[in-house]
Structure formats: structure tokens, C-alpha cells
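Below: the structure, in C-alpha cells.
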Amino acid sequence: MTPYIDGHCHLNSPELREDVQLHVDKAVEAGVGRMLVVGSDEESSWEAVDMASRFSPQGVRASVGIHPHEAGRYPDGIPSDLLAMADRKEVFAVGEIGLDYHYDHSPRSVQREVMAAQIGWAKVKNLPVVFHVREAFADFFSLINDNPLGDAGGVVHCFSGSWSEAKMCLDLGLYLGFGGMITFKSAQEVRECLSSSPMDRIILETDSPWLAPVPYRGKTNTPSMMPLIYRAASDITGRTLSSVAQSVWQNGKDLYRWGEQDV
Ligand SMILES: [Zn+2]
Ligand SMILES: [Zn+2]
């Protein structure tokens, strides 16, 4: 059977970092062959790199960047230490970056500036971008229009928009990331976006420790829950589990370019 991927997780979060070895082992046992640990600020990006270095044989890889929630802490731009981190061999993406107008933890103008600066950074480093977009698609699209992505493209993780927004992302060449939300009763629109998207543009993820899939909703999510998300995606798309696994494995390789070794 093709290995699963967890295209977006936070093993570096306070909820998971203490038992990272256990979580990685359980994920491998569950059939997960790649886990992308995503940074949210300078510290968590370092930790993502450190985990990818320690657990490289188990398939852990890193993404580094500043989350829109944290953008307010970087009004002067991206620190040079973080910029240089993208050159490390453990790093396969810039992110998560983007806009979150639901929580508005950082001023919107700063969120936009920090996102634009990081698109430029990813372009120079030729890395794909992991986007977090919540209730902010209009500004997201206008920002991408003014700051086009490089050839490495990107993914809108934990996609939670409408089909017309999904379509615009796909037209921009972006992948769409889906996670535990596809198992939530209330998330019919997200399921429709998944079933309407071309199979070669879908990434599956936990976004752990958040958004645990049903029947664990509200509990701490971990990468070992990926099989539940794959099974839900198989039901929603009407494809066999193994064909979903094959497509998503290939998509992960195409997007993150993390190769075949160590599987
Ligand atoms: Zn996110
Ligand atoms: Zn995340």
C-alpha cells in the first residue's frame, strides 16, 4: 500500500512536542511516510527544522515561516536568521503564511505586508508556499495578483472557502489541503470542494494538534489520525482508498519535491 502523508502538522506545538518521538512512531505505525512540520514564527520554525533533522528517516520534513497570527511581532520584516533557515536541507516549503481575518490576531495591514514579503522570499529560494487563509480570500487573491508566486507554487492548507474560491485557487495552480474538517457534519461545503477538485491537486493533512477528525473531534489531533482522513476522502470522492493514497502521495512529491528516499 502506498504510504500516507500528513501534508501539514504541528509536532512542534506545545500539545505535541513533549511526546514527539511517540507521535512520530505512532504515525509511522499507521502508515504515514511523510509529515510536514510547519513553522508559525521564528522559534517554531527552528523546532520544525530540528524535528526534521532528528526524524528524517521516519519521513519528517520542515516548512518555515510566519503565520498571520504572529505577523504583528514582525513589523520590520522577516528576521535574517529565519530567511537563512530556508537553505537548510530539512526545509521543503515556506509557511505557513497568509491572512486570517477570523481571529485578527495581527493588524490586517501587517498580515498583508508579512505575507507579501514571504512570497518574495519563497520565490528567491524556489520553495513552494503553504498558505493559511481564513475569511480573507478577496485580499488573498488581490495580494497574489500583485505578488505572483514563483514556479514552485503552493497550497492553501485546511481549505475552508466556497467552491468559487476553490476554483480561483486551482486556476492559480495552487493545491488545496483538506483535513479533519471533511468529517464534520457542518462542513458540507468543504466536502463539495473536495469532491469537485481534480484529484491531482489535493493534499491531505491533520493540522494536528487541532481539528481532530470525527470520532475524536475536540480531542488532541496527531499525525497518526491520517488514516481516518484518507478514509473520509475516499468516501467523499468515491474513489478507493488505495487510489486516493496513490494520488496524494504523488501530489505531495510534486508539490514539496521531497523525493522517495527513506520510505
Ligand atoms: Zn493554518
Ligand atoms: Zn497549521
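Given the range 1-115, what helices (runs of 4 or more DSSP H) lie entirely inside it while holding 2 or more residues that are among the small types (Gly, Ala, Ser)? Step through it out loud before you land on a result.
Details: elements: 20-29, 42-54, 80-85.
The qualifying helices (runs of 4 or more DSSP H) are 42-54, 80-85.
Only residues that are within 14 Å of ligand 1 (Cβ to nearest atom) and of a type in the set (A, V, I, L, M, F, W, C): list them for the range 102-136, please.
Correct list: MET115, VAL129, VAL130, PHE131, VAL133, ALA136.
Can you pull out the residues in the range 117-134 that are more than 16 Å from ligand 2 (Cβ to nearest atom), in contact with a strand residue (DSSP E or B) (Cβ under 8 Å, 6 or more places away or on another chain) and open to solvent by 60 Å² or more (accessible area, probe 1.4 Å)? If you could, list the steps in order and put the result at the bottom.
Our first condition is that a residue be more than 16 Å from ligand 2 (Cβ to nearest atom); within the range 117-134, this holds for 117, 119-127.
Filter once more, keeping what is in contact with a strand residue (DSSP E or B) (Cβ under 8 Å, 6 or more places away or on another chain): 119, 121-122, 125, 127.
Result: LYS125, single match.
Against the conditions (1) of a type outside the set (Gly, Ala, Ser); (2) more than 15 Å from ligand 1 (Cβ to nearest atom); (3) in contact with a helix residue (DSSP H, G or I) (Cβ under 8 Å, 6 or more places away or on another chain), where does ASN221 fall short? Just the number, please.
(2)
Restricting the range 61-78 to residues that are more than 13 Å from ligand 1 (Cβ to nearest atom) and under 17 Å from LEU127 (Cβ atoms), which is modelled with the lowest pLDDT?
ILE78
Name the single residue that is most open to solvent (accessible area, probe 1.4 Å) among those in the range 87-112 being without any contact (Cβ under 8 Å) to a residue 24 or more places away in the chain and not acidic (Asp, Glu).
At the first step, the residues of the range 87-112 found to be without any contact (Cβ under 8 Å) to a residue 24 or more places away in the chain are 89, 104, 109.
Next, only the ones that are not acidic (Asp, Glu) stay: 89, 109.
Numbers: LYS89: 166, SER109: 58 Å².
Among residues in the range 87-112 that are without any contact (Cβ under 8 Å) to a residue 24 or more places away in the chain and not acidic (Asp, Glu), the one most open to solvent (accessible area, probe 1.4 Å) is LYS89.
Every residue in the range 25-47 that is under 14 Å from PRO209 (Cβ atoms) and open to solvent by less than 10 Å² (accessible area, probe 1.4 Å), please.
Result: ALA27, MET35, VAL37, VAL38.
Filter the range 191-209 down to the residues that are in contact with a His (Cβ under 8 Å, 6 or more places away or on another chain), at negative phi and not β-branched (Val, Ile, Thr) and list them by number.
Initial filter on the range 191-209 (in contact with a His (Cβ under 8 Å, 6 or more places away or on another chain)): 203, 205-209.
In the following step, the residues that additionally are at negative phi were identified as 203, 205-206, 208-209.
GLU205, SER208, PRO209 - these are the residues of the range 191-209 that are in contact with a His (Cβ under 8 Å, 6 or more places away or on another chain), at negative phi and not β-branched (Val, Ile, Thr).
Give the residues of the range 145-204 that are of a type in the set (S, T, N, Q) and closer than 25 Å to SER63 by Cα, sorted by residue number.
Taking the range 145-204 and keeping what is of a type in the set (S, T, N, Q), we get 145, 147, 160, 162, 164, 183, 186, 188, 195-197.
Residues satisfying the conditions are ASN145, ASN147, SER160, SER197.
Is there any pair with a first residue in the range 116-143 that is over 15 Å from ILE78 (Cβ atoms) and a second that is more than 15 Å from ligand 2 (Cβ to nearest atom) and not in a helix (DSSP H, G or I) whose Cβ atoms are under 6 Å apart and which are 6 or more apart or on different chains, and what are they?
Hits for this filter: ASN126/ALA152; PRO128/ALA152; PRO128/GLY153; GLU135/TYR101; ALA136/TYR101; PHE137/GLY161.
Against the condition within 16 Å of ligand 1 (Cβ to nearest atom), touching a residue at least 60 places away in the same chain (Cβ under 8 Å), buried (at least 17 other Cβ atoms within 10 Å of the Cβ) and not in a strand (DSSP E or B), how does CYS169 come out, does it pass?
Numbers: within 16 Å of ligand 1 (Cβ to nearest atom): yes; touching a residue at least 60 places away in the same chain (Cβ under 8 Å): no; buried (at least 17 other Cβ atoms within 10 Å of the Cβ): yes; not in a strand (DSSP E or B): yes.
In short, no.
Do you know which residues across the range 233-263 are open to solvent by 30 Å² or more (accessible area, probe 1.4 Å) and touching a helix residue (DSSP H, G or I) at 6+ places or on another chain (Cβ under 6 Å)?
The answer is ILE236, THR237, LEU241, ASP262.
Can you confirm whether GLY153 is over 25 Å from TYR216 (Cβ atoms), open to solvent by 10 Å² or more (accessible area, probe 1.4 Å), of a type outside the set (D, E, K, R) and touching a residue at least 60 places away in the same chain (Cβ under 8 Å)?
Values: over 25 Å from TYR216 (Cβ atoms): yes; open to solvent by 10 Å² or more (accessible area, probe 1.4 Å): yes; of a type outside the set (D, E, K, R): yes; touching a residue at least 60 places away in the same chain (Cβ under 8 Å): yes.
Considered against the rule, which asks whether it is over 25 Å from TYR216 (Cβ atoms), open to solvent by 10 Å² or more (accessible area, probe 1.4 Å), of a type outside the set (D, E, K, R) and touching a residue at least 60 places away in the same chain (Cβ under 8 Å), GLY153 comes out as yes.
Does CYS158 satisfy the criteria of being in contact with an Asp or Glu (Cβ under 8 Å, 6 or more places away or on another chain), within 16 Å of ligand 1 (Cβ to nearest atom) and outside any strand (DSSP E or B)? Before you say what the answer is, go through the steps one by one.
On the way: in contact with an Asp or Glu (Cβ under 8 Å, 6 or more places away or on another chain): yes; within 16 Å of ligand 1 (Cβ to nearest atom): yes; outside any strand (DSSP E or B): yes.
Criteria met by CYS158.
Can you tell me how many residues in the range 211-232 are open to solvent by 10 Å² or more (accessible area, probe 1.4 Å) and without any contact (Cβ under 8 Å) to a residue 40 or more places away in the chain?
Qualifying residue count for the region: 7.
Would you check which residues across the range 26-68 are β-branched (Val, Ile, Thr) and without any contact (Cβ under 8 Å) to a residue 60 or more places away in the chain and list them? Steps first, answer last, please.
At the first step, the residues of the range 26-68 found to be β-branched (Val, Ile, Thr) are 28, 32, 37-38, 49, 60, 64, 66.
Within the range 26-68, VAL28, VAL37, VAL49, VAL60, VAL64, ILE66 meet the criteria.
The values are calculated or read from the model by the stated rules, or taken from the named source; none is laboratory data. This structure is a prediction, so every number in the text was calculated from the model and none was measured. Note that each Cβ is placed from the backbone with ideal geometry, even for glycine, and that neighbours are counted across all protein chains shown. The accessibility values were calculated without ligands, DNA or RNA, using every heavy atom of the protein model including side chains. Shrake-Rupley method; radii C 1.70, N 1.55, O 1.52, S 1.80 Å.
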